[in-house]
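The values are calculated or read from the model by the stated rules, or taken from the named source; none is laboratory data. Only a predicted model underlies this, so the values are computations on that prediction, with no experimental measurement involved. A quick note on method: Cβ atoms are made from the backbone with ideal geometry, for glycine too, and the neighbour counts reach across all protein chains shown. Ligands, DNA and RNA are stripped out before the accessible areas are found, and what is left, the full protein with its side chains, is counted by its heavy atoms. Shrake-Rupley method; radii C 1.70, N 1.55, O 1.52, S 1.80 Å.
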Amino acid sequence: MRRTVIAGNWKMNFTPDEARAFINEVKPLVAGKDNCDIIFCAPYVTIAAAQDAAKGSNIKIGAENVHFAEKGAYTGEVSAKMLTACGVEYVIVGHSERRQYFGETDETVNLRAKAALAAGMKVILCLGEVKEQRLSGVTNEVVAMQTKLDLKDVTAEQMKNVIIAYEPVWAIGTGLTATPEQAEETCAVIRETLVSLYGKEVAEETAIQYGGSMNEKNAAELLAKPNVDGGLIGGASLVAEKFAVIVNAAQ
Ligand code: PGA
């Protein structure tokens, strides 16, 4: 049975001290909530402080991106080897903000995912349609194509370490949430695509999160859908009580 995964994406928020304070605040609120995996993906410079504060708890700390090369002349980038050397197990790849503002494409997202998987990391692979695509009725085609391109040459064995985050771009940071029906329908399309790529067993084992203005109010309804196996949460992952409500909704 696949696990539910509730992951916070802090984006460019929290200094090391703020991250430590936040983890100390959220830790008791989610203690013992073992029906889901709980992860916070942090800016590189706050990872160590967050890990330190999370020690001994059920909270795991991940990164927000990873480069595909092992090392070299890639100013500003961080490799999978560097992350694993820091004890980081989870990493987000292909977030729409990376695609939108930093020129990442399905091709580079695929390279980043493969590099992280080769290093033994667990990848949260983000994909989703933009507003024009949803309005044009091509969402299903878009997410199926992204799933295929972003997972190109990822093996069935490696899929054990892949979590997919379906994030409609129009819902991220906008306060507009996909309806539970929209989230369910599109997550089901992604799962069907996984069936075509890897077969039913792998597809059924892969967690598919919803992301995009998930919050303490709408989480329960979204998480109740059979193909929604968790959430990738931005804004609401910066407020301990809100995040804890979402974790509770997943129990
Ligand atoms: P949001 O962000 O919850 O603030 O919409 C989600 C995400 O970008 O992963």
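Only helices enter this figure: runs of n ≥ 4 DSSP H residues, each worth -39500 (n - 2.57), summed and divided by the residues of the chain, yield -12000 deg cm²/dmol at 222 nm to the nearest 500.
Only lysines eight or more places from residue 81 in sequence, or on another chain, were considered; those with a Cα closer than 20 Å are 60, 71, 114, 122, 160.
Could you tell me the relative contact order of the chain? Use alpha-carbon pairs under 8 Å, at least six residues apart, and round to a whole percent. Spell out each step's value before the answer.
Values: 507 pairs, mean separation 55.8, N = 251.
That works out to 22 percent.
Across 168, 180, 28, mean-square fluctuation computed from a Gaussian network of the chain (C-alpha pairs under 10 Å connected) peaks at 28.
Working out 0.36 nm times the residue gap between residue 181 and residue 205, then minus their Cα-Cα distance, what length gain in nm do you get to one decimal?
Values: separation 24, 0.36 × 24 = 8.64 nm, distance 2.14 nm.
Here the segment from residue 181 to residue 205 would lengthen by 6.5 nm.
Build a GNM of the chain with springs between Cα atoms under 10 Å apart, and of 36, 126, 86 the one that fluctuates most is 86.
Please give the contour-minus-distance gain from residue 160 to residue 192: 0.36 nm per residue of separation, less the Cα-Cα distance, rounded to one decimal in nm.
Details: separation 32, 0.36 × 32 = 11.52 nm, distance 1.68 nm.
Here the answer is 9.8 nm.
Each Lys and Arg contributes +1 and each Asp and Glu -1, all at the Cβ; summed about the Cα centre of the range 4-249, the dipole is approximately 420 debye.
Under the criterion of Cα pairs below 8 Å and six or more residues apart, the relative contact order for the range 1-148 equals 18 percent.
A Gaussian network model of the chain, with springs between Cα atoms under 10 Å, assigns the largest mean-square fluctuation among 71, 148, 60 to 71.
Here the chain exposes an accessible surface that is 55 percent carbon and sulfur, computed with a 1.4 Å probe and the other protein chains kept in place. Centroid-to-centroid, using Cα positions, the range 115-180 and the range 21-49 are 23 Å apart. Think of the chain as having a plus end and a minus end, set by charges on the Cβ of Lys, Arg, Asp and Glu; of 246, 12, 44, 44 sits farthest toward the positive end of this dipole.
Given C-alpha coordinates of the range 4-249, what is the ratio Rg to Rh with the Kirkwood estimate of Rh?
Details: Rg = 16.7 Å, Rh = 17.8 Å.
Using Cα coordinates only, the ratio equals 0.94.
Only the Cβ atoms of Lys and Arg (+1) and of Asp and Glu (-1) were treated as charged; on that basis the dipole of the range 125-246 about its Cα centre amounts to roughly 180 debye.
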